[in-house]
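In what follows, a structure is listed as C-alpha cells, so that the remarks can point back to it.
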Ligand SMILES: Cc1cc2nc3c(=O)[nH]c(=O)nc-3n(C[C@H](O)[C@H](O)[C@H](O)COP(=O)(O)OP(=O)(O)OC[C@H]3O[C@@H](n4cnc5c(N)ncnc54)[C@H](O)[C@@H]3O)c2cc1C
C-alpha cells in the first residue's frame, strides 16, 4: 500500500494551485456579491486543457483518472474559490461520462471537444420539483415523433442553466405504468438548450451566487434522435455511471473547502489577541480545530480510496459504498470545519471580509446534493449491511 501521490498527481495539484492563485479572495467575494459567473477561471482552466482532465485523449482530453480530477477539484476549492469555483466547472469534468461510455463515435466527436476546449458549457438536469430523490418517478416526457423527440415538463435546481449551451437531460420515454421495472423507460439526451423552447428561471439561494441554479421548463423542445445517448429506455442505467465519480468529486471539493476554512481559522487564532494572549493559546479554541484536521484527513483518505477503486479496481462497478461514504464523511467534516472557522473568528466570522461565512453557506451544497446524507445512510444500511429497504 502506498499513500504517496505520484509525481504526475503532485504536478496536477501544483499547476491548479498556480492558476487559482490568480483569483484571490477579493475575486470570490466580488463574485459572491454580484452573482457573476467566474468566466475567467473557467477560461484559464480550459486554455490549459484542464477541463478534459479525465476525458479520452483522442477527443482532446488528458486521459487521466477520477483520482487526478478529484485532486484538481480539491485544489480549486482549497484555493479559496470554494464551491463558487468548483461548481463552475464541476459538470464539465465528469458530466459527459455517459457519452464517453455509451455514446457512439459521431456523438463523442461532436459533443466532447467543444466542452473540453471551453467553447461550450453544459448543465445537468435530473432533479424534478415533484419527485426529488425518487428519480425513477421523474415526469419530464420525451415523445418520439419521427426522427425527433419532443420534450415537455420541468426540472429544478439545474445548475449553470443560465449560461449553458447544452443540457444533459434525463427524461421518461415510456410511461411508468407501462414498464416492468421503474428504472426502465427513461432516456438520456445531450442537446442544445434552445431558449425559445426552454425557460430558465433563477432560484435565489443561500450561497454560491456566482453559479446559478434554476427551475427549467421544457415547452416542446425538439431534440433530434442523434442526440439520444445510447438506447431508448436505458437512460437511468447510463446516468448511474456518472454518479460515483460525481460523489467522489464533490467529496473532494468539500475537503478542499474544509481545509481552507481550517487554515483561515488557525491563522486568525494565532493573530487575534484577547485577554493579553492569542486566542489560539486556549484549548477551547485549539481542540475543535485539531478535531477538524483529523476528520478532514480521514475524509480525504476515503475520497482517495473511492477514486482509486473507481480508476484501478473495477471501473466503478463496486465503488458505490466508498463513493457514498466519501461524500458523506467529507461533507460532514467540512461542515464542522467551516462552522468552527466562523466560531473561531467570533463576531468577525460573521463579516464578509473574513470569507469564512461564505464557506459556511457554501458547504451546505455538498451536504444536500447530489444525494442527501439520509439517503446515503440508507444505501450503506441496505447495500453494505444487508438490512431491509426502509422506504
Ligand atoms: C445548490 C444546488 C445545486 C444543485 N444542482 C443540481 C443540478 O445541477 N442538477 C440536478 O439535477 N440537481 C441539482 N440539485 C438538486 C439536488 O441533487 C437535490 O436537491 C437533492 O438530490 C435532494 O433532492 P430534493 O431537494 O428534491 O429532496 P427531497 O427528495 O424532497 O428530500 C427532502 C429531504 O427528505 C429526506 N428524505 C426523503 N426520502 C427519505 C427517506 N426515504 N428516508 C430518509 N430521508 C428521506 C431527504 O434526505 C431530504 O433531507 C442541486 C441542489 C442544490 C441545493
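Being more than 16 Å from the ligand (Cβ to nearest atom), farther than 30 Å from residue 374 by Cβ and either surrounded by fewer than 21 Cβ atoms within 10 Å (Cβ to Cβ) or under 21 Å from the mean Cα position of the chain (by Cα) (or both) is a property that does not hold for residue 141.
For segment 191-214, enumerate the residues that are within 15 Å of the ligand (Cβ to nearest atom), free of Cβ contacts under 8 Å to residues at least 40 places away in the same chain and either assigned to a strand (DSSP E or B) or within 21 Å of residue 151 (Cβ to Cβ) (or both).
198, 201
Can you tell me which residue within segment 363-380, out of those that are more than 16 Å from the chain's Cα centre (by Cα) and within 7 Å of the ligand (Cβ to nearest atom), is farthest from residue 249 (Cα to Cα)? Out of the qualifying residues, it is 378.
In segment 368-385, the residues that are in contact (Cβ under 8 Å) with a residue 40 or more places away in the chain form Cβ pairs under 6 Å with partners that are within 6 Å of the ligand (Cβ to nearest atom), at six or more places apart or across chains, as follows: 375/133. Of all residues in segment 296-315, one or more are surrounded by fewer than 21 Cβ atoms within 10 Å (Cβ to Cβ), more than 16 Å from the chain's Cα centre (by Cα) and not in a helix (DSSP H, G or I). Contact map, segment 61-90: first residue farther than 27 Å from residue 108 by Cα, second residue assigned to a loop (DSSP other than H, G, I, E, B), Cβ cut-off under 7 Å, separation 6 or more or different chains; pairs are 79/21; 80/355; 81/23; 83/208; 84/38; 84/208; 84/210; 84/211. Set side by side, the residues 119, 108 differ, and just one is surrounded by fewer than 24 Cβ atoms within 10 Å (Cβ to Cβ), away from the ligand (no atom under 16 Å from the Cβ) and closer than 29 Å to residue 32 by Cβ, which is 119. Of the residues in segment 349-356, at least one is over 16 Å from residue 259 (Cα atoms) and in contact (Cβ under 8 Å) with a residue 24 or more places away in the chain. Number of residues in segment 122-138 that are surrounded by 16 or more Cβ atoms within 10 Å (Cβ to Cβ) and within 7 Å of the ligand (Cβ to nearest atom): the value is 5. Taking segment 101-117 as the range and being without any contact (Cβ under 8 Å) to a residue 60 or more places away in the chain and either within 17 Å of residue 232 (Cα to Cα) or in a loop (DSSP other than H, G, I, E, B) (or both) as the test, only 104 passes.
Within segment 216-234, none of the residues are under 20 Å from the mean Cα position of the chain (by Cα) and either surrounded by fewer than 17 Cβ atoms within 10 Å (Cβ to Cβ) or more than 16 Å from the ligand (Cβ to nearest atom) (or both).
Across segment 170-187, the qualifying residues are those that are part of a strand (DSSP E or B) and more than 9 Å from the ligand (Cβ to nearest atom), and the one among them that is surrounded by the fewest Cβ atoms within 10 Å (Cβ to Cβ) is 172.
Just one residue in the set 103, 85 is under 18 Å from the mean Cα position of the chain (by Cα), away from the ligand (no atom under 12 Å from the Cβ) and modelled with pLDDT of 95 or more; that residue is 85. One residue stands out in segment 144-161 among those that are within 17 Å of the chain's Cα centre (by Cα) and either free of Cβ contacts under 8 Å to residues at least 40 places away in the same chain or farther than 20 Å from residue 97 by Cα (or both): the one that is surrounded by the fewest Cβ atoms within 10 Å (Cβ to Cβ), namely 156. Mind listing just one residue for me: the one in segment 144-162 that is part of a loop (DSSP other than H, G, I, E, B) and touching a strand residue (DSSP E or B) at 6+ places or on another chain (Cβ under 9 Å) and, of those, farthest from the ligand (Cβ to nearest atom)? Once the filter is applied, the top-ranked residue is 147.
The values are calculated or read from the model by the stated rules, or taken from the named source; none is laboratory data. Owing to the predicted nature of the structure, the values given are computational and were not obtained by experimental measurement. All Cβ positions, glycine included, derive from the backbone under ideal geometry; neighbour counts span all protein chains shown.
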